[in-house]
Amino acid sequence: MLWSLRTRMLVVTLLAAVGMVGAILGLLHLATTTTQQRIARGHETVAAEVDRLAQLFERAPTPETRRRGRRDFGALRSGFLTDALGDENGPAPFGPVVIASRSEVARAAKVGGGVVVRDAATADGAPLVIGALALPSGGYVWAATFAGTPLAQQPLRALILALALVSVLLVAASLHTLRAFQVGARSLGASLRGVAKNLDETVEKPKLRELAVIADGIEQLAFDLSAAQDQKEALTRELAARERLAALGRVAAGVAHEVRNPLAAIKLRADLALENASLDPVLARDLGDISREVGRLNRFVQDLLVVAGRRVAERADTDLAALATSRVGLLSPWARERGVTLEITGDARAAVDVDAMGRAIDNLLRNAVEASAKDGTVLVELSRTGDLAAIRVIDEGTGVPESRRSELFEPFFTTKPDGTGLGLALSRSVAESHRGEVVYAREGARTCFTLTIQE
């Protein structure tokens, strides 16, 4: 049978109370029994002493026999009385209360005609035994002894009171501990129910140290589980992204295999036809449109290959400021049509795939211009710290809604009606191929995309 801690503590408290009460009763009984035994021995001692004095004073007492018979020290006192009123040569034993009791016993002995032994008490309550015998020759012999002293009784009384107090304190402490445990256990139960629903729930600390340690363990466990859950979700998202990229890679490879060769043939034929000087102008314009659209399709296929991880271009040491300036120069007419100004500051060099990095910068610039309001400014900042180069593209647009930021760099994610959703995915893939990353941040009223390159 399993017992709860509450039941166990109640049993311990009950046993402690019963044990203490039994001990107190036992001590009281022992004290009473010991006093009774001392009184019984006092009767024997007093009777023997009276008999001794009676034999000593068989004839008329003389000053010598009075001196020899009298005891006036220790627990036992004895002597000769000339009359029942207590007239005696020598000091009065034990005080006036004892003298009065002695006189009463002497009168009783005269009336009874034999040894009379009585119980009495001193002024401070100490038990006393007094005996007397009337002598035939006149006078009385008497004896008195203590059956206990106040000094012997006070420590016993103090011990009994201390045990009673300890018993009460023990029961009170047990009940208080039980109460504290019950409150702490309920608090832990409530915290566990809260943590089961929400790992970020606050765990209350009970006042008992042992339960507080358990609460700390629960809190740490909830923290570890929350971290593990976040890590699992991040890994799940990463795995899903990798699966999508793998599927995209297979699609891109198929597209590149099936489309690039026909596109190249179409573009070649169109370019050759455009070289004919006698070509009709309307047909020449159509052929030019065909060549440009084929080029756009070819760039789209190249972007797919980059996003899918097909990167084979060699890297070369490049002036990133010059590269960014060239891209800004190409996009500036288009940006001016939208009322947006492009600016560039800073300087940096790094070993990069120039073509891929140029397309990544183009995508970041296009997104920034499209997000900017009229008369806005897009700033390109270049910097290098150690072996890390950074290209920051900053605009004054409203940014991406927080609910969509987790999808920001996913392939085919776009907030534009005519967008392909490959721009930011391409920029991230280019950065990752250079052991860097692209990070989105909101800095006050500005939006910042930072592309880093690690050498």
Inset, instruction - Spot the failing condition for Thr145; the list is (1) at pLDDT below 80; (2) touching a Ser or Thr at 6+ places or on another chain (Cβ under 8 Å), and only one is missed. - result: (1)
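State yes or no: is Leu304 surrounded by 12 or more Cβ atoms within 10 Å (Cβ to Cβ) and at pLDDT 75 or above? Can you show your working first?
Working: surrounded by 12 or more Cβ atoms within 10 Å (Cβ to Cβ): yes; at pLDDT 75 or above: no.
Considered against the rule, which asks whether it is surrounded by 12 or more Cβ atoms within 10 Å (Cβ to Cβ) and at pLDDT 75 or above, Leu304 comes out as no.
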Inset, instruction - Could you grab the pairs with beta carbons closer than 8 Å, sequence gap of 6+ or different chains, first residue in the range 192-212 and assigned to a helix (DSSP H, G or I), second one open to solvent by 90 Å² or more (accessible area, probe 1.4 Å)? - result: Gly194/Thr202; Ala212/Lys205
Legend entry - Every residue from the range 217-245 that is polar (S, T, N, Q) and either outside any helix (DSSP H, G or I) or touching a residue at least 24 places away in the same chain (Cβ under 8 Å) (or both): Ser226, Gln229
Inset, instruction - Could you look through the range 335-373, keep only residues that are farther than 19 Å from Val438 by Cα and open to solvent by less than 60 Å² (accessible area, probe 1.4 Å), and pick out the one that is nearest to the chain's Cα centre (by Cα)? - result: Ser372
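Restricting to the range 219-246, and then to whatever is modelled with pLDDT under 80 and either within 17 Å of the chain's Cα centre (by Cα) or surrounded by fewer than 11 Cβ atoms within 10 Å (Cβ to Cβ) (or both), can you tell me which residue is nearest to Glu201 (Cα to Cα)? Before you say what the answer is, go through the steps one by one.
Taking the range 219-246 as the starting set, the residues that turn out to be modelled with pLDDT under 80 are 237-238, 240-246.
Checking the rest, the ones that are also either within 17 Å of the chain's Cα centre (by Cα) or surrounded by fewer than 11 Cβ atoms within 10 Å (Cβ to Cβ) (or both) come to 238, 243.
On the way: Glu238: 27, Glu243: 34 Å.
Once the filter is applied, the top-ranked residue is Glu238.
Do we find a residue being among the aliphatic types (A, V, I, L, M), part of a helix (DSSP H, G or I) and modelled with pLDDT under 75 anywhere in the range 37-60? Can you show your working first?
Going through the range 37-60, the residues among the aliphatic types (A, V, I, L, M) turn out to be 39-40, 46-48, 50, 53-54, 56, 60.
From the residues that got through so far, the ones that are part of a helix (DSSP H, G or I) too are 39-40, 46-48, 50, 53-54, 56.
If we keep only those that are modelled with pLDDT under 75 as well, we get none.
Scanning the range 37-60 turns up no residue that is among the aliphatic types (A, V, I, L, M), part of a helix (DSSP H, G or I) and modelled with pLDDT under 75.
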Inset, instruction - Looking only at the range 388-404, count how many residues are open to solvent by 30 Å² or more (accessible area, probe 1.4 Å) and at pLDDT 90 or above. - result: 2
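Please go through the range 333-382 and pick out each residue that is of a type in the set (Gly, Ala, Ser), within 23 Å of Ala425 (Cα to Cα) and free of Cβ contacts under 8 Å to residues at least 60 places away in the same chain. Even if it seems obvious, please write down each step before you answer.
Our first condition is that a residue be of a type in the set (Gly, Ala, Ser); within the range 333-382, this holds for 335, 339, 346, 348, 350-351, 356, 358, 360, 368, 371-373, 376.
Subset that is within 23 Å of Ala425 (Cα to Cα): 335, 350-351, 356, 358, 360, 368, 371-372.
Hits for the range 333-382 are Ala335, Gly358, Ser372.
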Legend entry - Yes/no for Ala152 being in a helix (DSSP H, G or I), within 60 Å of the chain's Cα centre (by Cα) and modelled with pLDDT of 75 or more: no
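Looking at this structure, is Leu133 modelled with pLDDT of 75 or more, over 30 Å from Leu10 (Cβ atoms) and open to solvent by less than 60 Å² (accessible area, probe 1.4 Å)? Even if it seems obvious, please write down each step before you answer.
On the way: modelled with pLDDT of 75 or more: yes; over 30 Å from Leu10 (Cβ atoms): yes; open to solvent by less than 60 Å² (accessible area, probe 1.4 Å): yes.
Against the criterion (modelled with pLDDT of 75 or more, over 30 Å from Leu10 (Cβ atoms) and open to solvent by less than 60 Å² (accessible area, probe 1.4 Å)), Leu133 qualifies.
Taking the stated definitions as given, is Ala31 of a type in the set (Gly, Ala, Ser), over 14 Å from Ala143 (Cα atoms) and at pLDDT below 65? Don't jump to the end; show me each part of the working.
Working: of a type in the set (Gly, Ala, Ser): yes; over 14 Å from Ala143 (Cα atoms): yes; at pLDDT below 65: yes.
For Ala31, the condition - of a type in the set (Gly, Ala, Ser), over 14 Å from Ala143 (Cα atoms) and at pLDDT below 65 - is met.
Which of the residues that make up the range 124-142 are of a type outside the set (Asp, Glu) and under 18 Å from Ile39 (Cβ atoms)?
Looking only at the range 124-142, we keep the residues that are of a type outside the set (Asp, Glu), and these are 125-142.
Matches in the range 124-142: Gly125, Ala126, Pro127, Leu128, Val129, Ile130, Gly131, Ala132, Trp142.
The values are calculated or read from the model by the stated rules, or taken from the named source; none is laboratory data. As the structure is a prediction and not an experimental result, all values here were calculated from the model. Backbone-built Cβ (ideal geometry, glycine too); neighbour counts: all protein chains shown. Areas reflect the complete protein model, heavy atoms only, side chains present, ligands, DNA and RNA absent. Shrake-Rupley method; radii C 1.70, N 1.55, O 1.52, S 1.80 Å.
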